[in-house]
Amino acid sequence: MLPDVFGAANRMRCVAQLKRLPSYKRFKSSNIVSAVLIPLCLVQNIPSVLFVKRPMKMRRNPGEVGFPGGKCDPEDEGDVVRTALRETQEEIGLDPNSVDIWCVMPRLDARVTIYPVLGFCGRIDLPQLSQSSSSGSLNINTEEVSDIFVRSIDWLTHPDTLRYTQMRLDATYFLAPARDGRATEIPRAAHGSFDPAHRLRLSLPAFGAHPAVGYVEPRIWGATGFILYQMLRALVPLDSRLPAAVHSRLSNPANS
């Protein structure tokens, strides 16, 4: 029997809420379309999310934390679910047939256009990555992934895990709804530039601190942190666990 958070009733509620999310306004187009899999999984029967870390030798996104996935190929015929599953299999060896697809979340325009695909991957045994588990074997493609790690849903939704990162607006290629990100003006003395774009900062969700264990690396932030935050709000939802003051930091970055 699955934990309630991954059960049929919560899945239906989560998907319905994700489908109500607005599409994000495109203001910087990208010729590169990609898809990522948000891998919900059970590790020692604990509901978790799986992440990958990119090798430092990669030309794009070296050392960054993210979800498995990559660029859409012609063979995918425009099917972003197929892209996410194909890339995930290439990167970590997860059998596409072991993934129960929940839904495709709204498109996100970052440095590339990203389609997040939410799916449940069953039970994963991380200490024995190369051996078969009930969800199939996982094998890291070291050319594209340097490490795999998981974070439990409980940890991700702990009030002290959620933090915020301020990003310069001209370096951020997507607009967030007001409740999920807030742009604020920084005094010129702090940045020394006359460019209006340099005066704006966007506060976005980030994950990586917990009072019981201190600061936890690697930090989950950027587009990955934003996608994760949107998904968790629908899955848990966060509002039922976190005090309102936590979410209010997005609209008042001085408290971040």
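FYI, it's all coordinate maths here, none of it is from the lab. Everything numeric here is computed off the predicted structure, so don't read it as measured data. Counting neighbours? That spans all protein chains shown, and the Cβs are built from the backbone with ideal geometry, glycine included.
Key figures for this structure:
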| quantity | calculated |
| --- | --- |
| Cβ-defined net charge surrounding LEU40, 12 Å radius [Lys, Arg +1; Asp, Glu -1] | +2 |
| FRET efficiency, 1/(1 + (r/R0)^6) with R0 25 Å, evaluated for VAL5 and ASN139 via beta carbons | 0.35 |
| Per DSSP, loop trypsin sites (Lys or Arg not before Pro) in region 40-120 with at most 13 further Cβ within 10 Å | LYS57, ARG59, ARG60 |
| Least to most buried among GLU75, GLU91, GLU144 (fewest other Cβ within 10 Å first) | GLU75, GLU144, GLU91 |
| Residues ARG20 and GLU90, FRET efficiency given R0 of 30 Å [Cβ-Cβ distance, rounded to 0.05] | 0.40 |
